[in-house]
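Here's the structure we're looking at; comments come further down.
The values are calculated or read from the model by the stated rules, or taken from the named source; none is laboratory data. Since we're looking at a predicted model, the values are computed, not measured. For neighbour counting, all protein chains shown are included, and Cβ atoms are generated from backbone atoms with ideal geometry for every residue, glycine included.
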């Protein structure tokens with residue numbers, strides 16, 4: 001049975017439940033053009049046994065290395081054995097060689113799966129496709145069996161908790177700094193996990209960098225930093241805004257580069273912050289509004305993105321990328337006829353760059369789909 005379609009019709013949460021209840025074995029692939037990201041989840045009898053994501057691949061070896069559980073030499077040795085014909089996974093080899101115990105291996109594989117699934121569950125747009133059976137891309141480093149129901153319950157809990165955390169930690173590019181010491185006459189009463197995070201704060205590394213250095217999930221580190229910030233032990237600084245203040249009104253190329261970098265790293269919230277700074281400092285620059293629109297689309301805010309992209313088109317009517325993305329944003333909020341009109345104008349542009357010309361086939365397909373949906377909606381109203 002083929003299971004595929006847009007996430008607007010069937011959410012990732014519902015797809016997971018369907019695969020769980022029907023005890024499917026196979027590979028689920030999810031692609032988001034707006035986020036410029038893609039993820040893959042492997043199921044066996046409805047249970048998740050592996051997961052990976054383009055923006056943050058989390059290969060098991062790197063996780064173990066960052067956590068100090070194995071050395072680079074250990075990993076090279078395990079992969080050399082695989083190259084020589086050893087059919088075991090990397091994790092199984094490390095356990096067999098006595099480098100790693102099974103409990104540590106299982107915990108890190110589960111952590112890898114959780115981080116990917118929690119990211120995917122937050123996607124509200126994109127396309128999914130499930131392919132039954134085990135294929136060549138099946139996990140090769142280790143396998144862990146994580147009940148799908150547990151993953152979905154934890155994802156829901158994290159979503160609720162993150163809405164509280166992001167009031168202080170607006171994106172993972174923020175840089176924590178130690179607050180000035182205030183003598184209260186009593187020592188700090190912190191948990192071990194809080195001391196661990198506090199020990200690696202250097203005023204230079206971002207929230208994401210600290211999580212990588214500690215080998216811990218970004219969510220856990222952000223939650224710990226939220227508590228430290230609430231207690232006044234640390235402060236949080238946005239390096240993009242600081243850089244722009246230092247450069248005055250001359251740093252648009254640097255800001256646009258920041259937007260591209262954050263989007264490529266799968267951090268649309270940080271990209272949005274950089275783009276907002278670009279728009280504030282360069283309100284008449286179409287590239288700033290284009291970057292803002294791209295970041296808003298990636299962050300899942302197509303209605304706001306449409307406003308920014310419309311402004312970009314007004315400032316530069318020949319911007320092919322702005323017009324194409326404006327069509328996507330309008331379509332995402334159900335303004336199908338307007339989207340088709342924008343794409344018609346996009347096709348008539350005489351001087352599109354090669355990367356835009358390469359999108360002609362894809363744009364025509366979504367234009368036809370938008371017109372069909374518009375017709376169906378109008379028919380249902382009649």
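Scanning segment 1-34 for residues that are within 20 Å of the chain's Cα centre (by Cα), touching a residue at least 24 places away in the same chain (Cβ under 8 Å) and farther than 30 Å from residue 290 by Cα yields 13, 15, 16, 27, 28. Taking the condition in a helix (DSSP H, G or I), more than 27 Å from residue 339 (Cα to Cα) and either out of contact with any helix residue (DSSP H, G or I) (no Cβ under 7 Å at 6 or more places or on another chain) or modelled with pLDDT of 85 or more (or both), does residue 250 pass? Answer is no for this residue.
Could you tell me whether residue 297 is in contact (Cβ under 8 Å) with a residue 60 or more places away in the chain, part of a helix (DSSP H, G or I), touching a helix residue (DSSP H, G or I) at 6+ places or on another chain (Cβ under 7 Å) and under 21 Å from residue 374 (Cβ atoms)? Yes: the conditions hold for residue 297. Scanning segment 323-351 for residues that are farther than 22 Å from residue 298 by Cβ and touching a helix residue (DSSP H, G or I) at 6+ places or on another chain (Cβ under 9 Å), we see that the one that is surrounded by the most Cβ atoms within 10 Å (Cβ to Cβ) is 340.
Restricting attention to segment 61-95, the residues that are outside any helix (DSSP H, G or I) and surrounded by 13 or more Cβ atoms within 10 Å (Cβ to Cβ) add up to 6. For residue 371, the conditions (1) surrounded by fewer than 17 Cβ atoms within 10 Å (Cβ to Cβ); (2) modelled with pLDDT under 85; (3) within 28 Å of the chain's Cα centre (by Cα); (4) farther than 28 Å from residue 209 by Cβ all hold with the exception of (3). Scanning segment 324-380 for residues that are more than 24 Å from residue 5 (Cα to Cα) and not in a helix (DSSP H, G or I) yields 349, 350, 351, 352, 353. Examine segment 36-47 for a residue that is modelled with pLDDT under 85 and either in contact with a helix residue (DSSP H, G or I) (Cβ under 7 Å, 6 or more places away or on another chain) or not assigned by TED's automatic domain parsing to the domain that holds residue 299 (or both), and state whether such a residue exists. Yes.
Restricting segment 203-229 to residues that are in contact with a helix residue (DSSP H, G or I) (Cβ under 6 Å, 6 or more places away or on another chain) and outside any helix (DSSP H, G or I), the residue that is surrounded by the most Cβ atoms within 10 Å (Cβ to Cβ) is 217.
Can you confirm whether residue 21 is over 15 Å from residue 122 (Cα atoms) and surrounded by fewer than 15 Cβ atoms within 10 Å (Cβ to Cβ)? Please lay out each step first, then the result.
Details: over 15 Å from residue 122 (Cα atoms): yes; surrounded by fewer than 15 Cβ atoms within 10 Å (Cβ to Cβ): yes.
Yes: the conditions hold for residue 21.
Checking 98, 126 one by one, the residue that is surrounded by fewer than 17 Cβ atoms within 10 Å (Cβ to Cβ), in the same structural domain as residue 25 (by TED's automatic domain parsing), on the phi > 0 side of the Ramachandran plot and at pLDDT 80 or above is 98 and no other.
On inspection, residue 85 does not qualify as at pLDDT 80 or above and within 15 Å of residue 60 (Cβ to Cβ).
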